[in-house]
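These notes are about the structure you will find just below.
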Amino acid sequence: MSEMTLAKALNAGLRQSMERDSKVVLMGEDIGKLGGVFRITDGLQKDFGAHRVIDTPLAESGIMGTAIGMAYRGYRPVVEIQFDGFVYPAFDQIVSQVAKLHFRSLGRIKVPLTIRIPFGGGIGSPEHHSESPEAYFVHTAGLRVVAVSNPQDAYSMIQQAIACDDPVVFFEPKRRYHDRGEVDETVGLEGPGGLAMDAARVLTEGTDVTLVGYGPLAKTCLDAATAASDEGISVEAIDLRSLSPIDFGTIEASVRKTGRLVIAHEASQTAGLGAEIAASITERCFYFLEHAPVRVTGFDVPYPHSKLEFYHLPDLDRILDGVDRAMGRPNSLSGIEDGE
């Protein structure tokens, strides 16, 4: 076991994939000599050459179009989108081509393309640099969408994504890049404990409330479970990991036990991932629910400037308030949660 930051674990996972398969090629803005804005690809161009770690022009649509052609010809391109909000110029290529080619060709064409996107807020950056666009891609059939939350998953899941023959949108929580954790480097494509890329993980078991989060909020959900236990509430925290497909089996089993569900994400509430989870679990677990599912999310506003972002992002207090509401306790933050 080695202790690594999440950023270093991604770098190590990329290195493993490049050593394993000479068809793995990295592409992105400033990812070569600079090693990327967040230094995720630091040292890889030096070790593998400029033909495999390619510094591209500042043109996301062009980057994505080139990667599609390379995937079509048998390569496994890994594209870095420098910041979450920069993915929109490539959106047409992703939803119109990447997501459709396998189905359009009746399965004859595979698109083994990984799209890395640093996402979420908490680093003091403005709009286009702190957004959570995952719902757009989850809504697009033909894409796998995952979000890592810790160094071990970062190391393993980036390798699983690259080895997958389906296109994978790979979200990385940028405010967690410097979080440290133990990484078992002997675990590769099989995943830690044999956990598949599309499986959720139960972070801590509980009996009163199921709390689901992903990406940057998985750690906050775990902290909330610990804090709630001091108040006599037993919270089962789940890291979703895969956003499409969603591992509803794990969530359903938990809710059938607890009878209550809270979902947390940084993205806006309306038509967010929390709405889909709440609706689907209500359909599956209606007779087991003791309270309507509760969502704790970012607000339905453009991402605010840095002085206001921590009012916008769900934090420990807001998630604990969501747990209280699910338990039927007085809601001290009702005005805030209702957008008032």
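Here are the numbers for the structure shown:
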| quantity | calculated |
| --- | --- |
| Qualifying residue in the stretch 190-201 (condition: in contact (Cβ under 8 Å) with a residue 60 or more places away in the chain and either under 30 Å from Leu289 (Cα atoms) or buried (at least 18 other Cβ atoms within 10 Å of the Cβ) (or both)) | no |
| Cross-chain or 6+ apart pairs with Cβ under 9 Å, the stretch 140-158 first and on the phi > 0 side of the Ramachandran plot, then in a helix (DSSP H, G or I) | Gly142/Val95; Gly142/Val98; Gly142/Leu101; Gly142/His102; Gly142/Phe103 |
| Evaluation of Lys110 against (1) under 23 Å from Glu276 (Cα atoms); (2) surrounded by fewer than 20 Cβ atoms within 10 Å (Cβ to Cβ) (one fails), failing number | (1) |
| Hits in the stretch 274-293 - residues which are open to solvent by less than 10 Å² (accessible area, probe 1.4 Å) and either touching a residue at least 60 places away in the same chain (Cβ under 8 Å) or closer than 28 Å to His128 by Cα (or both) | Gly274, Ile277 |
| Subset of the stretch 113-134 (residues that are among the β-branched types (Val, Ile, Thr) and buried (at least 19 other Cβ atoms within 10 Å of the Cβ)) | Thr114, Ile115, Ile117 |
| Candidates Glu190, Glu182, filtered to the one that is within 30 Å of Asp230 (Cα to Cα) and either modelled with pLDDT under 95 or over 19 Å from the mean Cα position of the chain (by Cα) (or both) | Glu182 |
| Residue in the stretch 4-20 that is crowded, with 16+ Cβ neighbours inside 10 Å and either assigned to a loop (DSSP other than H, G, I, E, B) or in contact with a Leu (Cβ under 6 Å, 6 or more places away or on another chain) (or both) present | no |
| Total residues in the stretch 209-258, condition of a type in the set (A, V, I, L, M, F, W, C) and within 15 Å of Val145 (Cα to Cα) | 4 |
| Residues being under 24 Å from Thr41 (Cα atoms) and either open to solvent by 20 Å² or more (accessible area, probe 1.4 Å) or not small (Gly, Ala, Ser) (or both) - total across the stretch 202-228 | 2 |
| Residues being acidic (Asp, Glu) and either at pLDDT below 95 or under 28 Å from Ser125 (Cβ atoms) (or both) - total across the stretch 154-175 | 1 |
| Elements of type strands (runs of 3 or more DSSP E) contained in the stretch 49-132, each with 3 or more residues being modelled with pLDDT of 95 or more and touching an Asp or Glu at 6+ places or on another chain (Cβ under 7 Å) | 114-119 |
| Residues (over 25 Å from Gly191 (Cβ atoms), open to solvent by less than 20 Å² (accessible area, probe 1.4 Å) and touching a residue at least 24 places away in the same chain (Cβ under 8 Å)) located in the stretch 29-57 | Glu29, Ile31, Val53 |
| Failed item, numbered, when Val138 is tested on (1) open to solvent by 10 Å² or more (accessible area, probe 1.4 Å); (2) in contact with a Gly (Cβ under 8 Å, 6 or more places away or on another chain); (3) not polar (S, T, N, Q) | (2) |
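The values are calculated or read from the model by the stated rules, or taken from the named source; none is laboratory data. Keep in mind the model is a prediction, meaning the values are calculated, not measured. Backbone-built Cβ (ideal geometry, glycine too); neighbour counts: all protein chains shown. Heavy atoms of the whole protein, side chains included, go into the accessibility calculation; ligands, DNA and RNA do not. Shrake-Rupley method; radii C 1.70, N 1.55, O 1.52, S 1.80 Å.
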